[in-house]
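In what follows, a structure is listed as structure tokens, so that the remarks can point back to it.
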Amino acid sequence: MRMPSWYDVMSLDEISSVEDEAGMNMSMMQINELIRNEIDAGIPADRIVVGGFSQGAVLSLFTVLQSEHRLAGLVVLSGYLPVRDRLVPRITNASKHVPVFQAHGTADEIIPYQYGEMISEVLKKNGFDAVFKAYQHMDHSTCNDEIHDMQQFLAKQIPEQN
């Protein structure tokens, strides 16, 4: 199945069997440029959160785990861990200090729930401060509870400034 966007999804049946790592790297460079532009404009890295849903979640995870910046947070909604055999050794010390909010629906038929569990296991094993929330009966979508939980995470990570 050809699904070009942030990168080309070759298959969702066997995650990591054939993945478009070159496409992910190109998109990561674009996201890193956005982060650098914000920092250059005076926004501290510790007030920047990177996140996404589905493919955006995958790319956010791919980018932040390799980031040189200690960001305010990472939001991963209904994603999976890409190129995990090659990505895990590239986890940076800076990224290990980035708090993570991760959420996944238990009824997701596009990106199965166990792929979300795998992210959580890898993050915890590598010392991340990660919260994993499961939403019963939610498919490959979002729900009000998930949005509420994400808002609470964001408010904690990027508190209002006076």
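The values are calculated or read from the model by the stated rules, or taken from the named source; none is laboratory data. Note that the coordinates shown come from a computational prediction; the quantities given were computed from them, not determined experimentally. Reconstructed Cβ throughout: ideal geometry from the backbone, glycine too, with neighbour counts over all protein chains shown. The accessibility values were calculated without ligands, DNA or RNA, using every heavy atom of the protein model including side chains. Shrake-Rupley method; radii C 1.70, N 1.55, O 1.52, S 1.80 Å.
Using only Cα atoms, locate the centre of region 66-144 and the centre of region 36-59, then give the distance between them in Å, rounded to an integer. So the two Cα centres are separated by 15 Å.
Per residue Cα convex hull volume for region 98-162, in cubic angstrom?
Values: hull volume 5.1 nm³, N = 65.
Normalising the Cα hull of region 98-162 by residue number yields 79 Å³.
From helices alone, the chain scores -12000 deg cm²/dmol at 222 nm; the rule is -39500 (n - 2.57) for each run of n ≥ 4 DSSP H residues, then divide by the residue total.
The region of the chain that goes longest without hitting one of the GluC sites (Glu not before Pro) in a DSSP loop, each with at most 10 other Cβ atoms within 10 Å, is 15-108.
Any idea of the accessible area per residue across the chain, 1.4 Å probe, to the nearest Å²? Before the final figure, lay out the partial values.
Details: 8620 Å² over 162 residues.
Solvent-accessible surface per residue comes out at 53 Å².
Think of the chain as having a plus end and a minus end, set by charges on the Cβ of Lys, Arg, Asp and Glu; of Gln102, Gly52, Asn126, Asn126 sits farthest toward the positive end of this dipole.
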